Amino acid sequence: MTLRLAELFRSLQGEGPSAGTPAHFLRLQGCDVGCTWCDTKYTWDAAHGRERSIAEAFSELRALGDAPLLVVTGGEPLAHPGVDRLLTAALGQWPRIEVETSGSAPPPLMHDRLYYMWSPKLPSVTPRWADTWAHVARFMGDPRTTVKIVVGEGDDAAALQQIREHGLPKARVMLMPEGLTDAAVRARALTLAELCQREGLRLSPRLHVWLWGAKRGV
């Protein structure tokens, strides 16, 4: 099978429970969730990007240097045809694999070295927000899933409402500040830090924005 790729690169994982870890990134092309603040809109059109086999993609990543983590992201990777075969093949080459997903499609595979970073959306973000909560039982049934909710200005109450309505265990929920600049992320993070302390939630950084800004290949 072939993959439709947006980009392949090596960097540090900037978000979620593995933030700061050297990682290979395999970004798949194609997404129809349509988040207003999306910083990877170049991945939306499934006809764009480039076509590579799984073996070719892995070879390109390995040529960039070693990393203990593979991050499969997008776009929306779980909507990509054959993503289960991609993940199965990756388990043979990386000790840890993380999949960054909106949750608009259910997890296709579970494994003790496969971790989903499920990022459901809030009502202000996209008309398809409810679709990203449709598979909550499937995601939360896997103890390796972390919930990462991007919270923009004015959405604190909406985030807490969804956490409560879906009965999400707070120890597995990370709130992440929305923002495309270090200044914007920092300002939003300061407010979310207070919320996380009060509610017993975790705060996710955006290290890549702090280090390099919102650009491709980082």
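So which residues in the range 57-80 are closer than 13 Å to Tyr115 by Cβ and among the polar types (S, T, N, Q)?
Thr73, the sole residue that qualifies.
I'm checking my understanding of the structure. Among residues of the range 135-161 that are more than 16 Å from Leu192 (Cα to Cα) and part of a helix (DSSP H, G or I), which one is least open to solvent (accessible area, probe 1.4 Å)? Even if it seems obvious, please write down each step before you answer.
We begin by selecting, within the range 135-161, every residue more than 16 Å from Leu192 (Cα to Cα); these are 135-146.
Now narrow it down to the ones that are part of a helix (DSSP H, G or I): 136-140.
Numbers: Val136: 30, Ala137: 82, Arg138: 120, Phe139: 1, Met140: 36 Å².
Within the range 135-161, the match that is least open to solvent (accessible area, probe 1.4 Å) is Phe139.
So Thr132 ticks every box in (1) in contact (Cβ under 8 Å) with a residue 12 or more places away in the chain; (2) surrounded by fewer than 22 Cβ atoms within 10 Å (Cβ to Cβ) but one. Which box is left unticked?
(2)
Hey, among the residues in the range 165-216 that are touching a residue at least 12 places away in the same chain (Cβ under 8 Å), of a type in the set (D, E, K, R) and not in a helix (DSSP H, G or I), which one's surrounded by the most Cβ atoms within 10 Å (Cβ to Cβ)?
Arg206
Tell me, yes or no, whether the range 85-97 has at least one residue that is surrounded by fewer than 14 Cβ atoms within 10 Å (Cβ to Cβ), on the phi < 0 side of the Ramachandran plot and without any contact (Cβ under 8 Å) to a residue 12 or more places away in the chain. So that I can check it myself, show each step before the final result.
We begin by selecting, within the range 85-97, every residue surrounded by fewer than 14 Cβ atoms within 10 Å (Cβ to Cβ); these are 92-93, 95.
Retained after the next criterion (residues that are on the phi < 0 side of the Ramachandran plot): 92-93, 95.
In the following step, the residues that additionally are without any contact (Cβ under 8 Å) to a residue 12 or more places away in the chain were identified as 92.
There is at least one residue in the range 85-97 that is surrounded by fewer than 14 Cβ atoms within 10 Å (Cβ to Cβ), on the phi < 0 side of the Ramachandran plot and without any contact (Cβ under 8 Å) to a residue 12 or more places away in the chain.
When the residues of the range 1-56 are filtered to those that are in contact (Cβ under 8 Å) with a residue 60 or more places away in the chain, among the charged types (D, E, K, R) and in contact with a strand residue (DSSP E or B) (Cβ under 8 Å, 6 or more places away or on another chain), which remaining residue is nearest to Glu153 (Cα to Cα)?
Within the range 1-56, the match that is nearest to Glu153 (Cα to Cα) is Glu15.
The values are calculated or read from the model by the stated rules, or taken from the named source; none is laboratory data. The structure presented is a predicted model; accordingly, all values stated were derived computationally and were not measured. Cβ sites come from the backbone with ideal geometry, for glycine too, and all protein chains shown count toward neighbours. Calculation scope for accessible area: heavy atoms of the full protein, side chains included, ligands and nucleic acids excluded. Shrake-Rupley method; radii C 1.70, N 1.55, O 1.52, S 1.80 Å.
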